[in-house]
Amino acid sequence: MEHFINFIDFIAKNLVDNPDSVSVEAKQPEDNKIVVTLKVGAEDVGKVIGKQGKTAQAMRTLLTAIAAKEGKKSILEILD
């Protein structure tokens, strides 16, 4: 589960102005599901979400692909 955290952390830190404010956590409420929670500073939320949510959707797509390789489903939650 650590590689899910590292992956989202890497992407988010390269998108925001204040990488120190990035925090990523992962939970596994069920055997085949992983919930990844991303927290960034209030001023950087727009950069992580992107225009019309395209950046967030791209991160979700990539996370889904990584999870699928392990036979799992993934959810990415972005908190402000």
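Count of the stretch 22-53 residues, restricted to those that are out of contact with any Leu (no Cβ under 8 Å at 6 or more places or on another chain), part of a helix (DSSP H, G or I) and either under 13 Å from residue 78 (Cβ atoms) or of a type in the set (A, V, I, L, M, F, W, C) (or both), is 5.
Remark: residue 65 matches the filter, which requires a residue to be loosely packed, with under 11 Cβ neighbours inside 10 Å and under 13 Å from residue 7 (Cβ atoms). Among the residues of the stretch 1-19, the one identified as among the charged types (D, E, K, R), surrounded by 12 or more Cβ atoms within 10 Å (Cβ to Cβ) and touching a residue at least 12 places away in the same chain (Cβ under 8 Å) is 9. Within the bounds of the stretch 66-73, is there any residue that is within 18 Å of residue 19 (Cα to Cα) and at pLDDT 95 or above? No: zero hits. Residues of the stretch 29-46 that are in contact (Cβ under 8 Å) with a residue 24 or more places away in the chain, open to solvent by less than 80 Å² (accessible area, probe 1.4 Å) and not aliphatic (A, V, I, L, M): 32, 33, 37, 41, 44. Among the criteria (1) within 12 Å of the chain's Cα centre (by Cα); (2) open to solvent by 40 Å² or more (accessible area, probe 1.4 Å), the one residue 72 does not fulfil is (1).
The values are calculated or read from the model by the stated rules, or taken from the named source; none is laboratory data. It should be emphasised that the depicted structure is a prediction, and the values quoted were computed from it without experimental measurement. Methodologically, a virtual Cβ is constructed for each residue, glycine included, from the backbone with ideal geometry; neighbour enumeration extends over all protein chains shown. Remember, those area values only see protein heavy atoms, side chains included, never the ligands or the DNA or RNA. Shrake-Rupley method; radii C 1.70, N 1.55, O 1.52, S 1.80 Å.
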